[in-house]
Amino acid sequence: MARSVAEWIGKTADSKIPDRVKLRIWDREGGRCYLTGRKITPGIDAYDYEHVIAIALWTGEGHGNRESNIRLALKEPHKGKTREDRQQKAKSDRVRKKHLGIRKAPSMRSAGFAKAPAQRTASRPLKKRVGYFQDISQ
């Protein structure tokens, strides 16, 4: 059976998901978290509408802010998945920067420590002190 309603695709990556689309996603998922498989109880469980493939990692045409890429997820498992997505994106960016020869700007360096006074040499005689300011080498 062909779908009578076209898939919702956001105009930008930041487009808000319309309520009608949220209802369709809820019905499609059967009210279950796709990460844990647990049934979500509205009003008791905190949940989000989550992108299966993070928008930052989307490699297809345009962006991944589309109905087919959105699922229901409980808040806590969603936070863990988002953390993993960010780590994956950071590593991908590091590898790409290295490949392209883009490096971080060097950080500023301090002036360093003051130079130590010159060491005594064998050609200069040592002055020995017995008490305060009392010089016996004279």
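Along the Cα→Cβ direction, 7 angstrom out, place labels at A118 and S68. What is the inter-label distance in nm? Using points 7 Å along Cα→Cβ, the separation is 8.1 nm. For K39, neighbours were defined as the other residues whose beta-carbon sits under 12 Å from its Cβ, and their charges (Lys and Arg +1, Asp and Glu -1) total 0. Averaging over all projection directions, the Cα-based convex hull of the stretch 19-100 occupies 6.2 nm² in the image plane. Estimated at 0.36 nm per residue, the fully extended path between T82 and S110 surpasses their Cα-Cα distance by 6.3 nm. Each residue of the stretch 67-73 was assigned a 3J(HN,Hα) from its phi angle through the Karplus curve 6.51 cos²θ - 1.76 cosθ + 1.60 (θ = phi - 60°); the sequence is 4, 6, 9, 10, 9, 7, 8 Hz, with glycine and proline shown as x.
In terms of surrounding Cβ atoms within a 10 Å radius of their Cβ, T82, T12 rank from fewest to most as T12, T82. The modelled label-to-label distance for the pair I9/W26, using points 7 Å beyond Cα in the direction of Cβ, is 2.7 nm.
Backbone phi angles across the stretch 37-53, fed through the Karplus curve with coefficients 6.51, -1.76 and 1.60 (θ = phi - 60°), yield HN-Hα couplings of x, 7, 5, 8, 9, x, x, 10, 8, 7, 9, 9, 9, 10, 7, 4, 9 Hz in residue order; Gly and Pro are listed as x.
Rule-based calculations on the coordinates, nothing more; no lab input. Only a predicted model underlies this, so the values are computations on that prediction, with no experimental measurement involved. Cβ: placed from backbone, ideal geometry, glycine included. Neighbour counts: every protein chain shown.
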